[in-house]
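For reference, the structure discussed in these notes is given below.
The values are calculated or read from the model by the stated rules, or taken from the named source; none is laboratory data. The shown structure was predicted, so the numbers you read here are calculated from the model rather than taken from an experiment. When we count neighbours, we look across all protein chains shown, and the Cβ atoms used for this are built from the backbone with ideal geometry, even at glycine.
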Amino acid sequence: MSPALFAAALMAFPALVIAGAIADLTSFRIPNAISLSLAAAFIPAAALGLMSGVDPATLGLNLAAGAAALVIGVAMFALRWIGGGDAKLFAAAALWIGWPAALSFIGATALAGGALALVLLALRSGYLRPLAIQGPSWVARLAQPDEAAPYGVAIAAGALAAFPMSALARAAQLG
């Protein structure tokens with residue numbers, strides 16, 4: 001098995017989480033196709049990981065992390081803390097990151113969420129809002145005081161920060 005093929009398969013992860021962040025930032029919506037593609041791309045990456053020496057039990061923990069993240073994400077969606085697209089992106093990213101890197105994923109996502117909140121507060125302030133509403137429509141929407149936060153941006157930042165610690169990235173010597 002070619003290490004280059006394995007590394008190429010793993011590049012689907014950052015590409016798709018970044019696509020999710022951009023979609024959420026510009027439209028406040030993460031298309032289902034992004035989360036589904038992220039989950040589907042895990043299958044060949046995991047198969048190549050097995051051929052590269054990743055323990056099957058480790059991949060089982062990846063599945064468990066993804067399932068747990070889905071349950072947590074659905075609960076957070078039910079409480080109206082995050083959107084449905086955020087919950088799905090969170091679960092699909094956790095599938096790739098696995099255990100124990102999921103703890104870093106959660107922590108980095110929380111920190112990025114706090115930074116996002118501060119940026120949005122500044123953008124929605126009396127100082128920056130007049131400038132923001134003159135920009136592109138998606139920036140003007142971000143500046144609306146009653147608008148939600150595009151939390152997919154924080155999820156993507158946390159996922160990208162934690163991914164090098166994942167078993168798949170370590171097996172490909174990316175982490």
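Can you list the helices (runs of 4 or more DSSP H) lying wholly within segment 51-143 that have 3 or more residues being surrounded by 17 or more Cβ atoms within 10 Å (Cβ to Cβ)? Result: 56-78, 84-97, 101-123. If you check every pair at least six apart or on different chains, which have Cβ atoms under 8 Å apart with a residue in segment 144-165 that is over 19 Å from G66 (Cα atoms) first and a residue that is charged (D, E, K, R) and modelled with pLDDT of 95 or more second? Cβ pairs passing all conditions: P150/D24.
Screening segment 1-38 for residues that are of a type in the set (V, I, T) and more than 30 Å from S52 (Cα to Cα) and picking the one that is surrounded by the most Cβ atoms within 10 Å (Cβ to Cβ) gives I30.
Checking the structure you have, find out if any residue of segment 8-15 is under 30 Å from Q144 (Cβ atoms) and assigned to a helix (DSSP H, G or I). So far as segment 8-15 goes, yes, one or more of its residues are under 30 Å from Q144 (Cβ atoms) and assigned to a helix (DSSP H, G or I).
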